[in-house]
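Heads up: the structure comes next, in structure tokens.
The values are calculated or read from the model by the stated rules, or taken from the named source; none is laboratory data. What you see is a predicted model, and the numbers here were worked out from it, not measured in a lab. Positions of Cβ are generated from backbone atoms using ideal geometry, with glycine treated the same way; all protein chains shown enter the neighbour counts. Each accessible area value is taken on the protein alone, full model and side chains, heavy atoms only, with ligands, DNA and RNA left out. Shrake-Rupley method; radii C 1.70, N 1.55, O 1.52, S 1.80 Å.
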Amino acid sequence: MKIAVTPSRPYDWIEKQVLARLQNWGFGDLDMSRITIWTATSKEMAMYRKKDINVFNEGFCRLFPETMKVDLFVESHLTKIHFAGVLAHELLHAWNFQNLIINIPDEWSEGMCNLSSYLTYKSIDFPLARIYEENMMKDPDPIYGDGFRMVLDFYNRYGWDGIRQHIQQYKI
Ligand SMILES: [Zn+2]
């Protein structure tokens, strides 16, 4: 692990942009003082996860229930737009953890986190963001694709408030 996100780096600007969006969506109570953001290569992330290298692992959260702290990792070779999308995804995992919404089914957990990425891409006025958006809409994965589109449909009807209300049942 080489680089923590510190002020004066471009990541700092991206973090601010993503947090502003989360705030608009009603996640302003996210406690960033308990979250440390790291960038890492796929190889480093696999090491921390103690799993085989998977280049599709773009980010993950390591949760510490004893201290309620979160180490959040984002793959270090992503474009800035992709980085923003992955950060938006992982920060919602952190929000669920901080709110003790832990017994949440994967399609809701990954689905709502992917919705956060999707809406982040949608809010960025740049052609590359359209491609990331389209890729998410086409993702055949039952959790990250179908789960995401199920949550997107729910969002279109009930908004983020509806989603937050729905997932309260998974609070421990
Ligand atoms: Zn996830």
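The residues of the chain expose on average 53 square angstrom of accessible surface per residue, using a 1.4 Å probe on protein heavy atoms. Annotated for the chain: lysine pairs at least 8 residues apart or interchain, Cα distance under 23 Å, count 17.
Spin-label pair Glu66-Thr36: with each label point 7 Å from Cα along the Cα-Cβ axis, the two points sit 1.5 nm from one another.
Estimated at 0.36 nm per residue, the fully extended path between Ile131 and Lys171 surpasses their Cα-Cα distance by 10.9 nm.
Here the extension length gained between Lys80 and Lys50 equals 8.1 nm, from 0.36 nm per residue of separation less the Cα-Cα distance.
How do 39-48, 136-145, 90-99 rank on mean C-beta neighbours within 10 Å, highest first? Present the calculation step by step, with values, prior to reporting the outcome.
Working: 39-48: 16.6, 136-145: 14.1, 90-99: 21.5.
Result, highest mean first: 90-99, 39-48, 136-145.
Here the Kirkwood formula puts the hydrodynamic radius of the chain at 16.3 Å, using every distinct Cα pair. If you take all other residues with their beta carbon under 12 Å from the beta carbon of His93, and give Lys and Arg +1 and Asp and Glu -1, the sum is -3.
Extension gain for Lys43-Asp106 works out to 20.2 nm (0.36 nm per residue, less the C-alpha to C-alpha distance).
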